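Presented below is the structure to which this report refers.
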Amino acid sequence: MESELQEQKRMKCFICNQTDTVPGTTSVLLERGQVSLTIKGMPARICPTCGETYVDESVAANLLRQAEEMARAGTKLDMCEYRRTED
Ligand SMILES: [Zn+2]
């Protein structure tokens with residue numbers, strides 16, 4: 001639907017307020033009820049100074065959808081790569 005939100009704007013770290021965050025990837029542990037899912041390769045912005053990571057809202061929403069799909073399929077514990085949506 002709204003896949004035009006991938007603009008790469010500069011963003012200063014909210015935690016240390018010193019450095020612009022840089023694009024990179026991170027891994028996230030997501031727990032929903034009985035499901036525990038580790039997603040690797042999530043696109044994120046990372047602060048080179050303090051190491052804080054920021055995930056875009058569209059990426060987070062996509063992640064939740066992916067987790068719900070897996071929960072519905074009966075997955076309880078898994079590790080996978082983040083999937084970018086095609087739409
Ligand atoms: Zn920082």
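Remarks
- Any hit, region 7-18, residues being modelled with pLDDT under 90, surrounded by 10 or more Cβ atoms within 10 Å (Cβ to Cβ) and touching a Phe, Trp or Tyr at 6+ places or on another chain (Cβ under 9 Å): yes
- Counting the residues of region 19-53 that are assigned to a strand (DSSP E or B), surrounded by 14 or more Cβ atoms within 10 Å (Cβ to Cβ) and touching a Cys at 6+ places or on another chain (Cβ under 8 Å) gives 3.
- Of all the criteria given as (1) buried (at least 16 other Cβ atoms within 10 Å of the Cβ); (2) over 11 Å from the mean Cα position of the chain (by Cα); (3) under 26 Å from R10 (Cβ atoms), the one not satisfied by A67 is (3).
- The set of residues in region 70-82 being in contact with a strand residue (DSSP E or B) (Cβ under 9 Å, 6 or more places away or on another chain) and either exposed (fewer than 15 other Cβ atoms within 10 Å of the Cβ) or outside any helix (DSSP H, G or I) (or both) consists of T75, K76, L77, D78, M79, C80, E81, Y82.
- Conditions (1) more than 26 Å from L77 (Cβ to Cβ); (2) more than 16 Å from the ligand (Cβ to nearest atom); number of the one not met by R45: (2)
The values are calculated or read from the model by the stated rules, or taken from the named source; none is laboratory data. Predicted model only: the values in this text are computed from it and were never measured. Cβ: placed from backbone, ideal geometry, glycine included. Neighbour counts: every protein chain shown.
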